[in-house]
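The values are calculated or read from the model by the stated rules, or taken from the named source; none is laboratory data. Remember, it's a predicted structure, so these values are computed and weren't measured experimentally. Cβ coordinates were reconstructed from backbone atoms using ideal geometry, including for glycine residues, and neighbour counts include every protein chain displayed. Accessible surface is based on the protein model in full, side chains and every heavy atom, while ligands, DNA and RNA are left aside. Shrake-Rupley method; radii C 1.70, N 1.55, O 1.52, S 1.80 Å.
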Amino acid sequence: MFDVLPQLPADPILGLSAAFKADTNPNKIDLGVGVYRDEAGRTPILDSVAQAQRILMDKEDSKVYISPQGVQGFIDGMLNLILGSELKGSINERIAAVQAPGGCGALRILAELIKRSNSDCTVWVSDPTWANHIPLIGNAGLKIETYPYFDKASASINFDAMKQTLSQVKKGDVVLLHGCCHNPTGADLSKAQWREVLKLAQENEFTPFIDIAYQGFGDGLEEDTYGVRLLCENLPEVAIAASCSKNFGLYRERVGLSAIVTKNAESRQAIQTQIQTIARGIYSMPPSYGGALVDIILNDKDLKAQWEGEVGAMRDRMQSLRQLLATKLKEKGASKDFDFVTQQKGMFSFLCISPEQVLQLRSDFSIYFVESSRVNIAGISLKNVDYLADAMASVL
Ligand code: LMR
């Protein structure tokens, strides 16, 4: 029976890693998949995570199943991190939440919940959005439409067009928003724009679905939550998918959170049972390990401070690489101004070059990034930036 199925093309993001590995050019550069890299090109285990592993090794005395919602200290720690303890305290009785297997698992649980609540709704995603949003949401059986977001010609958000489309979104529809560090463009909404999105959600009664996978990589751990906190404070319902892959460097441990701000405490109880049965029907319960590490870090004052310092160091490095790339491109006489890269946030930038130019950089220079022109800024280093800027200048 299975031989009726065709072979599928490689994943547009993960497929790049395999192609990069197979390339024998000693100058090759990997700016593809979104993982943090240090100057040596490594993705090290954070010191705070290594310390939490030692603590967990000493204290874990059983591998029996954890509870269906996951590690409670992880859930509370993450909600405090995302919402701040004050807001969390004031709406806690309205929040349903489960630990999920990564940000992807978190998104999928919420997509299934949306499908159970209103199978006719449309989920509106930014144009462009992270490529994997489409199967994660679409495979739950939901309709997807796009709202305009990024204008390649001006390398900036086209907020008027975004507003225009969101003003026509129907009651009961869902709008997917990136909490910070928009993937793939790196272009984030300003505070004033978040306030306008709030107004539109209030007027049209759509439900925001916020994906926050890069908290701390933009302006700071607190600063990056402006939008999510604003919406959760002022709307009756908000869905949030969070990931610990990037800011805790726990990629392979698959640690995420699905949280829903519900209308009231009664509704919270119902929704808590719904998300737990969704999880039970797919993978039963989340893996414990990564959540247990995050629980240890977020609930220990010193370890948390150490982790905050490590997130700050990653953020500062990426910010300085943005500056370096823009300066080098200018020095090399690139026929296009790349100063916009310095204004973008987080791990990614859209270089706003054509797919043909991206493919030429791959074939002629062994520089790998997504065809949309999304680059992982953390893959740049002092060692490879000249090669990269020379190659770009020549392709342009
Ligand atoms: C990315 O956008 O590159 C990362 O989130 C990794 C992935 O799974 O696509």
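Remarks
- Residue in segment 1-15 that is within 16 Å of the ligand (Cβ to nearest atom) and part of a helix (DSSP H, G or I) present: yes
- Of all residues making up segment 110-135, the number that are under 30 Å from Ala155 (Cβ atoms) and more than 16 Å from the ligand (Cβ to nearest atom): 4
Here is a yes/no grid of residues against (1) open to solvent by less than 10 Å² (accessible area, probe 1.4 Å); (2) at pLDDT below 95; (3) under 30 Å from Ser48 (Cα atoms); (4) among the aromatic types (Phe, Trp, Tyr):
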position	(1), (2), (3), (4)
Gly309	no, no, yes, no
Met314	no, no, yes, no
Leu321	yes, no, yes, no
Lys330	no, no, no, no
Ser335	no, yes, no, no
Gly346	yes, no, yes, no
Gln360	no, no, no, no
Ser363	no, no, no, no
Ile377	yes, no, yes, no
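- Taking segment 359-391 as the range and being more than 15 Å from Leu321 (Cβ to Cβ), in contact with a Gly (Cβ under 9 Å, 6 or more places away or on another chain) and hydrophobic (A, V, I, L, M, F, W, C) as the test, only Val370 passes.
- For segment 340-370, a tally of residues being away from the ligand (no atom under 13 Å from the Cβ), outside any helix (DSSP H, G or I) and touching a residue at least 24 places away in the same chain (Cβ under 8 Å) returns 7.
- Filtered residues of segment 157-182 (kept if of a type in the set (Val, Ile, Thr) and over 22 Å from the mean Cα position of the chain (by Cα)): Thr165, Val169
- Contacts under 9 angstrom Cβ, first residue in segment 164-176 being under 28 Å from Gly103 (Cβ atoms), partner among the polar types (S, T, N, Q) and in a loop (DSSP other than H, G, I, E, B), 6 or more apart: Gly172/Asn118; Asp173/Asn118; Val174/Asn118; Leu176/Thr129
- Evaluation of Asp61 against the conditions (1) open to solvent by 70 Å² or more (accessible area, probe 1.4 Å); (2) part of a loop (DSSP other than H, G, I, E, B); (3) acidic (Asp, Glu); (4) more than 30 Å from Ala292 (Cβ to Cβ) shows that the sole unmet condition is (4).
- Counted residues, segment 369-386 - those being aromatic (Phe, Trp, Tyr) and farther than 18 Å from Trp130 by Cβ: 0
- Every pair of residues 6+ apart whose Cβ atoms lie under 7 Å, when the first sits in segment 379-391 and is more than 12 Å from Arg317 (Cβ to Cβ) and assigned by TED's automatic domain parsing to the domain that holds Ala334 while the second is part of a loop (DSSP other than H, G, I, E, B) and open to solvent by 50 Å² or more (accessible area, probe 1.4 Å): Tyr387/Asn27; Ala389/Lys332; Asp390/Lys332
- When Thr146, Thr185, Thr129 are checked against the criterion of being surrounded by fewer than 17 Cβ atoms within 10 Å (Cβ to Cβ) and within 21 Å of the chain's Cα centre (by Cα), a single residue qualifies: Thr146.
- Of the strands (runs of 3 or more DSSP E) entirely within segment 84-149, those holding at least 3 residues that are without any contact (Cβ under 8 Å) to a residue 24 or more places away in the chain occupy 143-148.
- Wholly enclosed helices (runs of 4 or more DSSP H) of segment 194-307 bearing at least 3 residues of a type in the set (S, T, N, Q) and away from the ligand (no atom under 16 Å from the Cβ): 265-282
- Ala96 being within 16 Å of the ligand (Cβ to nearest atom), touching a strand residue (DSSP E or B) at 6+ places or on another chain (Cβ under 7 Å) and modelled with pLDDT of 95 or more: no
- Residue within segment 22-37 that is assigned to a helix (DSSP H, G or I) and out of contact with any Pro (no Cβ under 7 Å at 6 or more places or on another chain) present: yes
- Boolean, Glu39 is in the same structural domain as Asn132 (by TED's automatic domain parsing) and of a type in the set (Asp, Glu): no
- Inside segment 29-58, residues that are more than 12 Å from the ligand (Cβ to nearest atom), touching a helix residue (DSSP H, G or I) at 6+ places or on another chain (Cβ under 7 Å) and not hydroxyl-bearing (Ser, Thr, Tyr) make up a count of 10.
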